[in-house]
Structures are given as structure tokens and as C-alpha cells.
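Notes for the one structure printed next.
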Amino acid sequence: MIKRCLLAALVLGGCVQSGTSTSDPVRTSASWSWELPFYFPTPKVPADNPMSEAKFQLGRSLFYDARLSGNGQQSCSSCHDQSKAFADGRAVSLGSTGESTPRNAQGLANVAWHSTYTWANPALATLERQMEVPLFAEHPVEMGVTDQNKATILARFQADREYVQRFAEVFPGEPIGFPQIIKAIATFQRGLISASSKYDQYLQGKATLTSAELRGKDLFFGEQAECFHCHGSFNFNDQVRHAGSYTAETLFHNTGLYNIDGKGGFPEPNRGLFELSGVPADMGMFRAPSLRNVQLTGPYMHDGSIATLEEVLDFYAAGGREIKTGPHKGDGRLNPFKSDLIVRIQLNEQDKANIVAFLKTLTDEKFISDQRFADPRRSK
């Protein structure tokens, strides 16, 4: 029943095309073809950065090239590992200088459909805009690109004959510069499609779920566990934008992870939308990430402070987190800014095990081993 309802909601909501017909000019073109299940909508692509295979492959090479960092020691892939669905595996990431970032690196599967990027910045509405953060950020340093070393970094690529030829093909008449680098990497990221999980095969009638997985699915999409309120889309998040969107969904949530002062406080500098707005009610508001490949993307939450899926379910079942000692002591269950959706949930241990079993069906083994997404130097 849930399977039929989910597919009906996607189709009736007008957010999918009916198949992958090559006659659809939005879904396919002379330079790119989106190979998507029928319940995936076509991604929205910026008019000034159309998809092409050559640009995708250029972006792929740049994504894995450590020469793009200031000290030549770190690439985008340093914090986005394909085997982890392009997440990190650490609680928080390390920049090229060894400085820790304050937040957990999210996976990159299906980022083409996000309406905002990073954990809590509604201004970052495109991959191109988001790319500026890891490249140019100073506090903390990630890739370590500065005004002082930009020319040196670009010279590394300008001296590479193969890169010169490829940039000329993709961006004819344009120099090798950071605007071109950003567009190429954004194109690669836009093409990181995960749509071959066991659950996808189930929706397409190509696989069956176990009894535990089916019970977990029913709990996930039902009112008892209520996971679907924030993770109910085809991409298992609630911030979705696609080619047919009229408006972008930009929802953020306070889940009661902290309440360090009894007044809703979150530890600096990880205070969510409040960091940008200064509005007290925005304290602790973060984006709900996609749950695709969630088995591989731990540790969890914006700061990587919850280690396992089982612990995540314990947290949500309790309606928030109580920290009894230490600098972050406080009862998140009583956070005054906590979302109304975060309430105590009656789940027994078998219920939790079933939900975890279902979440594991979202793991896409093809995605994490696909040579099209791998380091080209190692996949030759």
C-alpha cells in the first residue's frame, strides 16, 4: 500500500516525467542524457552551465586533483569519498591545513535536486555558489585558495597540456580560471546520480523486500515513526528542486539536539540559521539531509555527534537529546525552538531494527563502485 501511495503522490504531484524517452528535450539533449527512474524528476540545471559529457569528465578530473588546493595536498575527494557515498566518515572534516571544520561533510548523491546546500545557508542555492565555500573559505580553511595563491594554483593547470586542451573544448575562447573550474566541478556533482538501491529496484518491480524491511518501510512512511515528514521525497529529504519547480523548498528544523543554557542554545559556531539571521527562533535550525546511502554516511547530524543509525533512532524516539554532563549539558527535549514534529515516539527495539533494515535498502552499491564517478587516474 505504501509503495502505491508513494508512487501515486510523486506522479500526481507533477514532479516526474513518465519514463526516460529520448524525445524529451529536457531529459535528454545532444550533449547529455539523464538516465533516471520514472519517479525521479528532471534536475534543474542553470542556463549558464548546461550539462555535457566533456564538462562532466573535466569536472571529475578536477574533483580528484589535489593541485586545486593551496598547498597541493587536498582535493574535493579528500572529504567526499566515493566508497562512503561521497561523505567523509569523520565527525567533522579536516581542511588542507589540518584545521577542523565545524560540521559533518554531507554525501553528494543526488545533490542535483537540492534547493540549498551545506547545513544551514539558504543563500547557497546552486552547486556553483556552494563551491565557493570550500575553495575560498578562510575560517576555517578548506581548500585554502586565497587571493595570494590563485595565480599559482591556476598556473598548475595552465601548464598541463591535457587540461589546456580539455578546458578549450569545454569553454572555448575562455581562460582557465576559477569560474570555469567551478562550473566543471558543479557539472560533475550534478551528475552523481544514485538510483539503483534495493529500494529503487523494489519500486520498479525488480526486487522484493524482506519482512523486516517491509515493516520498517511501513513505519518510516507511517504516522507512528513519522520519518516521512522530513524525509519523504524520492530523495528522502524535504528540500527538493527540479526542472518543473515553481518555487524552491527551503525547510530547516531544530531537532532538539542541544539546549545548553535551558533557553535553546546550541554550541558555537554550530547554531544553524541563527549564525546568519541572528533571529533567536532560528537557533539550531538545520537542513534535513537526504537519507539515500545513509548506512554509509555516518557519523550523523550536522556535527557528527551521533555515531550510529540505532543511536539516531533512539534520539528521535526520545524527542530530543539530554546531555547530562560537560560543556553542552542540557535537555534538548525541552528546547523551546524545537520543531513541532520532534516528539516522543513509541518504538520498541524490534521497530527500530526494522527501520534500520529499511534504511539499509537505500544503499546503492552500484553508485559507490561506478567507475564513471571514480578517480580517473585510478580507474584507467
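Structure values in brief
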quantity	calculated
Odd one out for Tyr246, checked against (1) closer than 21 Å to Tyr117 by Cα; (2) among the hydroxyl-bearing types (Ser, Thr, Tyr); (3) in contact with a Gly (Cβ under 7 Å, 6 or more places away or on another chain)	(3)
Count - residues of the range 353-380 that are outside any helix (DSSP H, G or I) and among the charged types (D, E, K, R)	4
Cβ-Cβ under 6 Å pairs, at least 6 apart or on other chains, the range 279-296 side over 15 Å from Phe234 (Cβ atoms), far side modelled with pLDDT under 95	Arg287/Gln239
Residues of the range 52-83 classified as surrounded by fewer than 20 Cβ atoms within 10 Å (Cβ to Cβ) and either among the aliphatic types (A, V, I, L, M) or in contact with a Leu (Cβ under 6 Å, 6 or more places away or on another chain) (or both), total	2
Count of the range 38-84 residues which are touching a Cys at 6+ places or on another chain (Cβ under 8 Å) and in a loop (DSSP other than H, G, I, E, B)	2
Residues (surrounded by 21 or more Cβ atoms within 10 Å (Cβ to Cβ) and either of a type in the set (A, V, I, L, M) or more than 21 Å from the chain's Cα centre (by Cα) (or both)) located in the range 353-378	Asn354, Ile355, Leu359, Leu362
Filter result for Thr308 (among the hydroxyl-bearing types (Ser, Thr, Tyr), closer than 16 Å to Phe358 by Cβ, modelled with pLDDT of 95 or more and under 22 Å from the mean Cα position of the chain (by Cα))	yes
Count of the range 332-352 residues which are surrounded by fewer than 16 Cβ atoms within 10 Å (Cβ to Cβ) and either in contact with a Ser or Thr (Cβ under 8 Å, 6 or more places away or on another chain) or in a helix (DSSP H, G or I) (or both)	3
Counted residues, the range 255-267 - those being of a type outside the set (A, V, I, L, M) and either closer than 21 Å to Ala307 by Cβ or not assigned by the TED database to the domain that holds Gly332 (or both)	6
Every residue from the range 203-217 that is part of a loop (DSSP other than H, G, I, E, B) and either among the aliphatic types (A, V, I, L, M) or more than 14 Å from Ala353 (Cβ to Cβ) (or both)	Gln204, Gly205, Lys206, Ala207, Thr208, Leu209
Residue tally, condition touching a residue at least 24 places away in the same chain (Cβ under 8 Å) and under 18 Å from Glu132 (Cα atoms), over the range 150-185	9
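The values are calculated or read from the model by the stated rules, or taken from the named source; none is laboratory data. Just so it is clear, the model here is predicted, and its values are computed rather than measured. Neighbour counts are summed over all protein chains in view; Cβ atoms, including those assigned to glycine, are modelled from backbone coordinates with ideal geometry.
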